[in-house]
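This report refers to the structure that appears directly beneath it.
Read-outs throughout are calculated quantities, based only on the coordinates presented, and are distinct from any laboratory measurement. The shown structure was predicted, so the numbers you read here are calculated from the model rather than taken from an experiment. Here the Cβ positions follow ideal geometry from the backbone for every residue, glycine too, while neighbour counts run over all protein chains shown.
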Amino acid sequence: AAVDEGEHLDPEMLARFEKLRSVRLELARQKQLPPYVICHDSTLKTIASIVPRDLEAMQQIKGMGPYKIEAYGQAFLDVMAE
C-alpha cells in the first residue's frame, strides 16, 4: 500500500526522515546506486519513528539487514544524533 507522505509523521519525525533521506542520497551518490537500493522510504520512516540509539537497535528494523547496518547504519545513527 502506498503511504501518504504526511501520514503519521509528526514534525520531529518528519525532520528526522528528511535528514535520513539526505544521508541516503549522499551514500547512493558515493556508491553510484539509486537511493532505493540503499533502503526504501518505508525503512527510513521506521528509523525516524523508532529512533534507534545504536546498531543493535537498528537490527530490529525491517529492511536493515546485517550488510546494510554495517554499510549504512552508523551514518543513519549519526545524522539523527545531530
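Worth pointing out:
- From helices alone, the chain scores -16500 deg cm²/dmol at 222 nm; the rule is -39500 (n - 2.57) for each run of n ≥ 4 DSSP H residues, then divide by the residue total.
- Rounded to 0.05, the FRET efficiency of the Gln74 and Leu14 pair, given R0 = 25 Å and the Cβ-Cβ distance, is 0.65.
- Spherically averaged projected area in nm², based on the convex hull that wraps the Cα atoms of the range 19-82: 3.7 nm²
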